[in-house]
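A short write-up of the structure that comes next.
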Amino acid sequence: MNGPEILVEVAPELHLFVPAARRGGATALATDGVSTLGHVIESLGVPLTEVGALVVDGRTVPPSHVPEAAERVVVRPVERPQRVPGAPLRFLLDVHLGTLARRLRLLGVDTAYESTDIGDPALAARSAAEKRVMLSRDRGLLRRRELWAGAFVYSTRPDDQLHDVLDRFAPELRPWTRCTACNGLLRQAAKEDVADQLKGGTQRSYDVFAQCTACGRAYWKGAHHDQLEAVVERALSMRTHAD
């Protein structure tokens with residue numbers, strides 16, 4: 001590019017997306033004179049899903065702004081909690097985020113998940129059709145224009161991923177109300193309703209059951225319940241501290 005040169009300063013929260021040379025404050029960037037600021041910022045590696053405000057010479061501008069010579073641009077991260085207007089808050093996760101999907105469902109958060117790789121175009125189309133926030137570590141996917149909304153998942157550790165999503169979006173939590181396998185809603189069930197899914201020891205030891213209204217899977221407080229309870233308690237504690 002040999003068009004107007006601007007100064008760009010990327011907030012520290014977004015430094016992982018840009019080269020090391022651009023992490024020390026405002027740095028010069030040559031533009032082509034016709035591309036929008038949104039396109040320019042994405043060309044640096046920062047998905048627009050992670051940008052909260054673009055400030056040019058002290059005023060906030062939209063991503064459609066075409067930068068002019070000598071403008072100073074500050075790229076800020078999204079504000080937290082982030083509000084997603086126009087639809088109930090619900091999520092869509094790609095194939096790499098299965099554990100996060102199960103934990104969000106455990107907390108009662110409406111979470112669709114693709115357990116096979118259906119491809120970026122299909123994921124983006126589903127995000128738009130169902131008005132779901134796309135969660136992914138794939139920057140290319142998050143740049144697709146047809147997305148309803150999206151967010152980058154910063155960590156590879158499920159505990160940190162869950163904390164980040166809850167901190168960023170502050171979804172309503174209704175633990176133990178969704179099927180962790182399919183996202184369907186749970187209802188109370190009698191033992192005889194789910195008897196065909198129970199082994200002898202389970203049938204003798206447990207009397208309280210729930211069943212998914214969508215896929216029919218049965219749930220009870222089994223061997224892993226304490227681990228799941230700990231996930232729920234940490235999430236609820238985090239919400240209490242935020243309030």
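The values are calculated or read from the model by the stated rules, or taken from the named source; none is laboratory data. All values derive from a computational prediction rather than experimental measurement. In this analysis, Cβ positions are derived from the backbone assuming ideal geometry, glycine residues included, and neighbour counts consider all displayed protein chains. Accessible surface areas use protein heavy atoms only, side chains included; no ligands, DNA or RNA. Shrake-Rupley method; radii C 1.70, N 1.55, O 1.52, S 1.80 Å.
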Expressed in nanometres to one decimal, the distance between label points 7 Å along Cα→Cβ at TYR206 and SER115 is 1.8 nm
Could you give the length gained by full extension between ASP167 and GLU68, i.e. 0.36 nm per residue of separation minus their alpha carbon distance, to one decimal place? 32.0 nm
Over the residues of segment 1-81, compute the C-alpha Rg and express it relative to 2.2 N^0.38 Å. 0.98
Could you tell me the ratio Rg/Rh of segment 137-243? Both radii from Cα atoms, Rh via Kirkwood. 1.07
Solvent-accessible area of ASP193, probe 1.4 Å, all protein chains present, reported in Å² to the nearest ten, please. 80 Å²
Helical mean residue ellipticity (222 nm; -39500 (n - 2.57) per DSSP H run of 4+; nearest 500) of the chain: -8000 deg cm²/dmol
Using a cut-off of 15 Å between alpha-carbon atoms, which aspartates and glutamates can reach LYS221, once sequence neighbours fewer than 8 places away in the same chain are excluded? ASP207, GLU229
Between ALA181 and ALA53, how many nm apart are label points set 7 Å from Cα along the C-beta direction? 4.8 nm
Quick one: net charge around GLN197, please, counting Lys, Arg +1 and Asp, Glu -1 for every other residue with C-beta under 14 Å from its C-beta. 0
Run the numbers for THR156 and SER43: contour at 0.36 nm per residue of separation, minus the present Cα-Cα distance, in nm. 38.3 nm
Determine, at each q value in 0.10, 0.17 (inverse angstroms), the log₁₀ of I(q)/I(0) that the Debye formula gives when each Cα of the chain is one equal point scatterer. -0.58, -1.24
Inter-label distance, nm, simple model (7 Å from Cα along the C-beta direction), ASP196/GLU130: 2.6 nm
Which residues does a label at VAL232 reach in segment 87-115, if reach means a backbone N under 20 Å from a point 7 Å past the Cα toward the Cβ? 99-112
